[in-house]
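Engineer: Structure provided below as structure tokens; questions to follow.
Values quoted throughout were computed directly from the atomic coordinates according to the rules given, and no laboratory measurement underlies them. Bear in mind the structure is a predicted one, so any value in this text is a computation, not a measurement. Glycine also receives a Cβ, built like all others from the backbone with ideal geometry; neighbour counts cover every protein chain displayed.
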Amino acid sequence: NNILYSIGGPPSLSCLYRKKKIISWVFRPPKKIRKYGFDSYKSKNLKMHSGFCCLTKLAENFFSQYALSKFIPWCVDTSLFDGISIDQNTKKPFFLASGKTGRDYKTLVNAASLTMADIIIIGPKKDKPFEIPRNVKWFDSSLNPPDKAIDYLTLKKWYAECVAVCIPLSGEAEDTCGYTNMLEAMAMRKPVIMTNSGSLHINPKVGNFGNLIHPNDHHGWANSMNELLTNNMKLKSFGEKARKIVERDFKIERFNNDLLNLIQNIVCTL
């Protein structure tokens with residue numbers, strides 16, 4: 001086998017695989033390029049690559065100076081997350097938030113006191129605020145993937161039942177956190193409320209399937225949630241738009257074709 005395919009970023013000892021074509025997934029440019037040591041992103045390591053699969057356009061622009069680079073948007077399983085909602089008229093409305101990396105659950109919890117809806121949060125125990133209001137239900141996520149705190153069928157059920165999905169983030173300019181969470185919500189026809197953060201090429205405001213909130217703005221979170229609670233037309237419009245974008249741009253088949261095309265281009269140079 002003449003190809004080394006790395007899904008966890010560049011191997012730190014790429015120089016040892018001189019007889020192989022190295023293809024690595026990259027999410028964002030490194031904060032610093034080092035010349036020596038075992039840093040995966042040192043120049044020598046990157047120059048050993050034959051190609052980079054880039055999750056963002058920002059990554060594509062940076063890594064293209066080292067090897068063939070292609071922006072390949074993420075994907076979601078539209079058969080599992082099938083977009084079928086559950087009528088929730090008999091239950092108290094709730095918003096759903098989940099995810100382990102780069103989350104700002106403190107701000108979301110602070111917003112809870114300003115809304116009548118419940119908020120279900122699945123997050124790391126270390127990120128749990130000291131005081132939790134009555135309308136917040138917290139579930140500790142497990143430390144290692146796959147997450148054992150909740151199974152996918154239960155998660156899908158909660159997606160189907162919730163009003164919208166909340167993705168509170170740190171506000172870091174080059175962040176890629178929340179991508180999978182966002183696509184799963186979109187596939188389930190749910191509006192997305194998300195911190196204005198990151199370098200993803202799509203967000204709720206641009207795609208017209210939800211709202212963006214300024215970092216650390218708990219009033220903004222509360223206002224957005226309260227608006228969706230009382231505006232069924234906007235709720236439905238956001239959800240339908242979200243599902244349409246996923247079916248057009250984020251199916252697994254499209255993702256597989258993009259990846260295969262990149263690998264074939266590299267193989268042709270063997």
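Engineer: For SER6, which sequence-distant residues (separation of 5 or more, or a different chain) have an amide H within less than 5 Å of its own amide H, given hydrogens modelled in the peptide plane?
Structural biologist: ILE23, SER24, TRP25
Engineer: Same structure, new question: Give me the Kirkwood hydrodynamic radius of the stretch 44-103 in Å, from all C-alpha pairs, to one decimal place?
Structural biologist: Across the stretch 44-103, the inverse of the average 1/r is 15.5 Å.
Engineer: Within the stretch 102-195, list the chymotrypsin sites (Phe, Trp or Tyr not before Pro) lying in a DSSP loop whose Cβ has at most 15 other Cβ atoms in a 10 Å radius.
Structural biologist: Qualifying residues, ordered by number: PHE130.
Engineer: Once the chain is represented by equal point scatterers at the alpha-carbon sites, with solvent omitted, what log10 I(q)/I(0) does the Debye formula produce at q = 0.07, 0.08 Å⁻¹?
Structural biologist: The Cα Debye sum returns log10 ratios of -0.29, -0.37.
Engineer: For LYS91 and LYS244, what is the calculated FRET efficiency with R₀ set at 35 Å and r taken between the beta-carbons, to the nearest 0.05?
Structural biologist: For LYS91 and LYS244, the calculated efficiency is 0.85.
Engineer: Which of the pairs LYS47/LYS106; LYS31/LYS137; LYS31/LYS100; LYS42/LYS125; LYS156/LYS234; LYS42/LYS70 have their Cα atoms more than 31 Å apart in this structure?
Structural biologist: LYS47/LYS106; LYS31/LYS137; LYS42/LYS125
Engineer: Quote the Stokes-Einstein diffusion coefficient, in whole µm² s⁻¹, for the stretch 167-270, based on the Kirkwood radius over alpha carbon pairs, a temperature of 37 °C and a viscosity of 0.692 mPa s.
Structural biologist: 219 µm²/s
Engineer: Have a look at the DSSP beta bridges in the chain and tell me what percent are antiparallel, nearest 5.
Structural biologist: Looking only at bridges with both residues in the chain, the antiparallel portion is about 5 percent.
Engineer: Considering only DSSP beta bridges whose two residues both sit in the stretch 73-177, what percent are antiparallel, to the nearest 5?
Structural biologist: Antiparallel bridges: around 10 percent, rounded to the nearest 5.
Engineer: Using every Cα-Cα pair within the stretch 44-167, state what percent have a distance larger than 16 Å.
Structural biologist: Taking all Cα-Cα pairs of the stretch 44-167, the fraction more than 16 Å apart is 70 percent.
Engineer: If Lys and Arg each add +1 and Asp and Glu each add -1, what is the summed charge of the other residues whose beta carbon sits under 11 Å from the beta carbon of PHE52?
Structural biologist: Result for the local shell: 0.
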